[in-house]
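Throughout, read-outs are computed from the coordinates displayed, never taken from laboratory work. The structure displayed is predicted, hence computed values, not measured ones. Positions of Cβ are backbone-derived with ideal geometry, glycine not excepted, and every protein chain shown enters the neighbour counts.
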Amino acid sequence: MPIELNHTIVESRDPDAGAAFLTEVLGLPAATHYGPFTVVEVAHGTNLDHMHVEDPHPQHYAFLVPDEEFDVIAGRLRDRGVPTFADPARRRPGQNTNDGGRGTYFDSPDGHVLEILTRPYGSGG
């Protein structure tokens, strides 16, 4: 059996709000609940389990999205007034064109650095 990532825990001050932000921005189905977790499911059955903590430690989560969805997601971020950046250090506003695709970084309400990209890094182009 091939090894796949099944789930990871996302620290959040408000798991429901953190999960709602992610599902709304990415256009995913509404989150569900499992025990103490608010669960966001992405492709291939991978879950992001939002768990309450008082002081979340910022992490980085990158999402590979279809090219046609990139502009839709970027529009949702723009409509919410969420700044986007071409680099993870958030020094250059906007988008990048790494590997012939497009990518942008933005912050979640809990301070996690989120990224959408249309081509995996190292894929050429």
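Structure above, values below:
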| quantity | calculated |
| --- | --- |
| Bridge type composition, segment 1-81 - antiparallel percent by DSSP, nearest 5 | 55 |
| Gain in span if fully extended, GLU54 to ARG90, counting 0.36 nm per residue against the direct Cα distance | 10.5 nm |
| Given charges at beta-carbon only (K, R positive; D, E negative), |dipole| of segment 1-87 in Debye | 100 |
| Rounded to 5, percent antiparallel among DSSP beta bridges of segment 42-123 | 60 |
| Where a label projected 7 Å from the Cα of ALA17 along Cα→Cβ would reach, residues of segment 39-62 with amide N under 15 Å | 51-56 |
| Read-out log10 I(q)/I(0) by the Debye sum over Cα atoms at q = 0.10, 0.12, 0.16, 0.20 Å⁻¹, derived from the coordinates shown; its label in (1) -0.74, -0.78, -0.92, -1.12; (2) -0.31, -0.45, -0.80, -1.21; (3) -0.54, -0.66, -0.91, -1.21 | (2) |
| Placed amide H near VAL10: partners under 5 Å, 5+ positions off or other chain | ASP49, HIS50, MET51 |
